[in-house]
Amino acid sequence: MTLWVLLSLAGSGLAVGFLSGLVGIGGGVLIVPLLYFFYGHPAWSGATVTPELQAVVSHATSLFVIVPTSALGTWTYHRVGAVAWRSALPIALFSVLAALGGSQLAPMIPAEILKLAFGLLLLVSGFRLLRSRDGARTGRERPHVVVGALSGAAVGLMSALLGVGGGIVAIPILVYLVGLPLEKVAATSMAIIVFTALAGVTGYAVSGTGEPGLPPGSIGYVHYLAGLPILVGAMVAVGLGARVNQRLDTGRLRVLFGLLFLVLGARLAIQNVAAIPGLG
């Protein structure tokens, strides 16, 4: 791996970390496409991964970066009292179990339909946030046990299957199902991401042990040699993103979330609808 490649990965990590801290997502929505490109161009990157394993390795390595990045962001939020732990922990409990299971299923399940479904979910959530005038509806912080179980399972499964922290799923849940005050949504989402991503990356490391066709510098499906430069850049910037978040008023934060969901949702839907038989 050349110095230019290492610097490119580290620079990408700066952008990932800032966005992660700013809006409470793990950054996987940026890391995964970056790694798709990285493994898809071995002549440039110097990393050789068999085509059938490129997606799995990308998702596992993305979660490897997300764990410490989200942990630092969560600590920054916690110090200013922005994390609603009574909401985060019940959801995280079930997300951990689902992420462990999802990391075992990921090599066998195509992700196109799941990506399309969550792209549509993001579009709906984005429109609702942009049209909302009241922010959160109830201001409560403890989810009903059924809501916590189902929400955690959804967050954990999608995190493991798609290589994202789960924030793109957790944020709409915290806003619309839990009714969390909007100023605590990003921080609480990031706290959930820490536990979810840690479970997912552990599952990938174990399930990929002994798998042929993996690049040097890997533990199971986790290619830490590519993940470390991204991680360094992300760790530098995530605290800044979290501090900027605390200086935004809820109106601007609502618009930011809404626009982010619209962009991500449209991207997921357009990319994956053509891959589904009968729709493409």
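Rg/Rh, computed from the Cα trace of region 163-208 with Rh as the Kirkwood radius, has the value 1.10. Fully extending the segment from VAL273 to VAL124, taken as 0.36 nm per residue of separation minus the present Cα-Cα distance, adds 52.0 nm. Over all Cα atoms in the chain, the spread is summed up by Rg and Dmax: 17.7, 54 Å. The GNM of the chain, with springs linking C-alpha atoms under 10 angstrom apart, assigns the highest mean-square fluctuation among GLY40, GLY239, GLY163 to GLY40. Scanning residues 5 or more positions from ILE219 or on other chains, those with amide H under 5 Å from its amide H are TYR224, with H placed 1.01 Å from N in the peptide plane.
Based on DSSP H runs of at least 4 residues, each adding -39500 (n - 2.57), what is the mean residue ellipticity at 222 nm of the chain after dividing by all its residues, to the nearest 500 deg cm²/dmol?
That comes out to -24000 deg cm²/dmol.
Counting only alpha carbon atoms, the long axis of helix 250-273 and the longest principal axis of the chain meet at about 40°. Structural descriptor for the chain: relative contact order 37 percent, calculated from alpha carbon pairs under 8 angstrom and at least 6 residues apart. Protection proxy ranking of 3-10, 165-172, by the mean of other Cβ atoms within 10 Å over each peptide's residues and highest first, is 165-172, 3-10.
Considering only GLY73, GLY265, GLY156, the mean-square fluctuation computed in a Gaussian network model of the chain, springs between alpha carbons under 10 angstrom, is largest for GLY265. Between region 61-96 and region 199-266, what is the C-alpha centre distance in whole Å? Here the answer is 12 Å between Cα centres.
Here the Gaussian network model covers the chain, with springs between Cα atoms less than 10 Å apart; of VAL146, VAL57, VAL232, VAL146 fluctuates the most.
Computed from the coordinates by the stated procedures, all read-outs in this text should not be read as laboratory data. Keep in mind that this is a model prediction, so the values were computed, not measured. Reconstructed Cβ throughout: ideal geometry from the backbone, glycine too, with neighbour counts over all protein chains shown.
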